[in-house]
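The values are calculated or read from the model by the stated rules, or taken from the named source; none is laboratory data. Computed from a predicted structure; not experimentally measured. Please note: Cβ atoms are built from the backbone with ideal geometry, for glycine as well, and neighbour counts cover all protein chains shown.
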Amino acid sequence: MPVRVQTEDFDISREIATLREGNAAVGAVASFVGIVRDLNDAARVSTLTLEHYPGMTEKALSAIADDAKRRWDLYDVLIVHRVGELKPTDQIVLVAVSSAHRGEAFAACHFVMDYLKTRAPFWKKERTPQGDRWVEARASDDDAMARWQERPERTHHTP
């Protein structure tokens, strides 16, 4: 289960190829890529700086991936999250999930992203024409995450 926090960009094709490499049982890979926008809450964003606590962040991301693997029949979960200063159109995060079936992969990918938005220890600061500002958590992210609280865990079956 690869989890990485890094400053450098990532290659989506290479990451997904590595995720499914050598496993002929993989029938589905679902992925999500988050990208820096140039507009947030009606303000132009020139840079987004992501800060974290090394070690603590990777542990939290690994726990999210482990939770997904307990809930769905998955082969693997990949989370690559960037930190440092990013500009609009830069990639921020990649989540990719491999499974035998698309339903499991889609659901787990959605779950991981919802949990990343609410449980991962990242702090985001935007630079706007009005000055720097810290990005606050959104109620909609909490609402999205809350729906997973109702889904009971299921036993994972190793293929």
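Name the single residue that is nearest to Leu39 (Cα to Cα) among those in the stretch 73-129 being assigned to a strand (DSSP E or B) and among the polar types (S, T, N, Q). My answer is Thr128. Annotation: Arg37 fulfils all but one of (1) under 23 Å from Gly84 (Cβ atoms); (2) outside any loop (DSSP other than H, G, I, E, B); the unmet one is (2). Restricting Arg138, Arg127, Arg133, Arg102 to those that are surrounded by 11 or more Cβ atoms within 10 Å (Cβ to Cβ) and either modelled with pLDDT under 85 or touching a Phe, Trp or Tyr at 6+ places or on another chain (Cβ under 9 Å) (or both) reduces the list to Arg138.
Within the stretch 66-95, being more than 17 Å from the chain's Cα centre (by Cα), acidic (Asp, Glu) and within 30 Å of Asp132 (Cα to Cα) holds for one residue alone: Glu85. Considering Lys87, Lys69, the condition of being loosely packed, with under 14 Cβ neighbours inside 10 Å, of a type outside the set (S, T, N, Q) and either farther than 15 Å from Leu116 by Cα or touching a residue at least 24 places away in the same chain (Cβ under 8 Å) (or both) is satisfied by Lys87 alone.
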